[in-house]
């Protein structure tokens, strides 16, 4: 009996270069939407030790990846929303020593997908060390991204991030 092949449909903008300088709104959710990073208490997100790891690694991202900056973000019980900015490379040169030890490397900035993959990987590794489950998934496969295309769009997304705890509380009342 032949097995059916399932193909995931990409939500990425066809032909778009996701290493291009710009603002990107990203949402990354936990596997099965497990409330892993803390809880909402008195209208405020209270991070637990796993949520602290997510915050630490998010903040480290702009130190490790010099081509990016971080804008507004929020860690929720089962996801993180954040705006990531990829900056234009300075003359195409990355400071530091090249592969042969003498000259700077010339390359394009890394893509949003490489940023997300690295972030998810280190968070998963650190959380799994704490919970003593080395191969346990933390994140759902993939992530949501939106290319921010205007100041109005950026303001709307920042407001959404700021109001996310209130939205969570309102959504949980409906359930």
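Please find, within region 147-175, the residue that is modelled with the lowest pLDDT out of those that are part of a loop (DSSP other than H, G, I, E, B) and farther than 20 Å from residue 77 by Cβ.
My answer is 149.
Please report, ordered by residue number, the strands (runs of 3 or more DSSP E) entirely within region 36-146 with at least 3 residues that are at pLDDT 95 or above, under 30 Å from residue 20 (Cβ atoms) and in contact with a helix residue (DSSP H, G or I) (Cβ under 7 Å, 6 or more places away or on another chain).
68-76, 79-86
The values are calculated or read from the model by the stated rules, or taken from the named source; none is laboratory data. In this text, all values refer to a predicted model and were calculated from it rather than measured experimentally. Backbone-built Cβ (ideal geometry, glycine too); neighbour counts: all protein chains shown.
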